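Participant: I have a structure here, written as C-alpha cells, and I will follow up with some questions on it.
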Amino acid sequence: MSSARYQSGHPGHGESFGQSIVEGWKFSWRKVEVRSGLLVVIIAALFMIPFSTLLPVFARDLLHVGAKGQGLLLTAMGIGALCSSLVIASIGDRMPRGLLMVGGVALYGVLVVIFSVSSWFSLSMALMAIIGICHVSSHALVQTVIQTYSPPEFRGRTIAIFHMTQVLLLLGGLLIGALSAVLGAPMAAAAMSIAGTLCMIVLYVAAPGAREIR
C-alpha cells in the first residue's frame with residue numbers, strides 16, 4: 001500500500017468494496033495498537049464473556065437463588081459497568097490503556113474462575129460487580145485504542161472489524177454449552193476462562209507493544 005493512501009485522508013477512488021475490506025484487514029494487522037486491541041476483544045468474546053449464558057444454571061443449581069438472584073447478579077454487573085464507564089469518561093486519557101486493556105481481560109478470566117466455584121451469594125455479587133468493571137473497561141478501551149490509532153480513511157473499517165469480532169460470542173456460547181454438557185457449568189466456565197487468561201498472558205509477554213499503548 002502506498003504512503004499516499006494513508007496521507008490522502010480517504011481510500012483510493014478506484015478501490016472496490018472487496019479491496020476496501022481487504023485493505024482494512026491488512027491495516028488492522030500491521031498496526032500493532034489496532035491488532036492488539038482486536039486480539040484482546042477476540043479472546044474476551046471467545047473465552048470470558050460466554051460464561052454469562054450459564055448464569056441461570058449458577059443461580060439455580062450452585063447459588064440456589066433462582067431467577068430473582070440471577071437478576072441481582074446481573075444488576076451487580078451493571079453497577080460495576082456503570083462505575084467503569086464513569087471512570088473512563090473522566091480520566092480515560094490519563095490511563096495506561098494497553099496495560100489496562102490486557103490486564104482487565106486477564107483479571108476478567110480470573111474472576112470468572114472464582115465465580116464458577118463460589119457457593120456464597122454475597123461473594124458472587126461482589127465478583128459480578130468487578131467483572132462488570134473489567135468488561136466495560138476493556139471493551140471501551142479497545143474501541144478507544146482502535147479509533148485513536150486508526151487514520152480517518154481506515155477508522156470506519158477498523159471499527160467494523162471490531163464489531164465483526166462479536167460474532168465470536170456465538171461460537172463461545174456454543175463451546176461453553178458443549179463443555180457444560182460434559183463437565184458441568186462450573187468446570188466449563190472455569191476451563192474457558194483459564195484458557196482466556198493464559199492467552200492474555202501470552203499476549204502480554206509476546207507483544208510488549210500491546211502493554212505500552214497509551
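Participant: Are any residues in the range 27-69 in contact with a Gly (Cβ under 8 Å, 6 or more places away or on another chain) and of a type in the set (Phe, Trp, Tyr), and if so, which ones?
Facilitator: Correct list: 47 only.
Participant: For the range 196-214, how many residues are in contact (Cβ under 8 Å) with a residue 40 or more places away in the chain and more than 14 Å from the chain's Cα centre (by Cα)?
Facilitator: Total meeting the criteria: 9.
Participant: Please name all residue pairs, on different chains or six or more residues apart, with Cβ atoms under 8 Å, provided the first residue is in the range 161-184 and is free of Cβ contacts under 8 Å to residues at least 12 places away in the same chain and more than 13 Å from residue 50 (Cα to Cα) and the second residue is aromatic (Phe, Trp, Tyr) and buried (at least 18 other Cβ atoms within 10 Å of the Cβ).
Facilitator: Taking only residues 6 or more apart or on different chains, not a single pair turns up.
Participant: Hand me the list of helices (runs of 4 or more DSSP H) wholly inside the range 127-214 holding 2 or more residues that are loosely packed, with under 15 Cβ neighbours inside 10 Å and at pLDDT 85 or above.
Facilitator: Once the helices (runs of 4 or more DSSP H) in the range 127-214 are filtered for at least 2 residues that are loosely packed, with under 15 Cβ neighbours inside 10 Å and at pLDDT 85 or above, what remains is 168-183, 185-206.
Participant: Please go through the range 26-54 and pick out each residue that is more than 30 Å from residue 214 (Cβ to Cβ) and surrounded by fewer than 21 Cβ atoms within 10 Å (Cβ to Cβ).
Facilitator: 52, 53
Participant: Scan the range 156-169 for residues that are out of contact with any helix residue (DSSP H, G or I) (no Cβ under 6 Å at 6 or more places or on another chain) and under 16 Å from residue 33 (Cβ atoms) and report the count.
Facilitator: Within the range 156-169, residues that are out of contact with any helix residue (DSSP H, G or I) (no Cβ under 6 Å at 6 or more places or on another chain) and under 16 Å from residue 33 (Cβ atoms) number 1.
The values are calculated or read from the model by the stated rules, or taken from the named source; none is laboratory data. What you are looking at is a predicted structure, and each value in this text was computed from that prediction instead of being measured. Please note: Cβ atoms are built from the backbone with ideal geometry, for glycine as well, and neighbour counts cover all protein chains shown.
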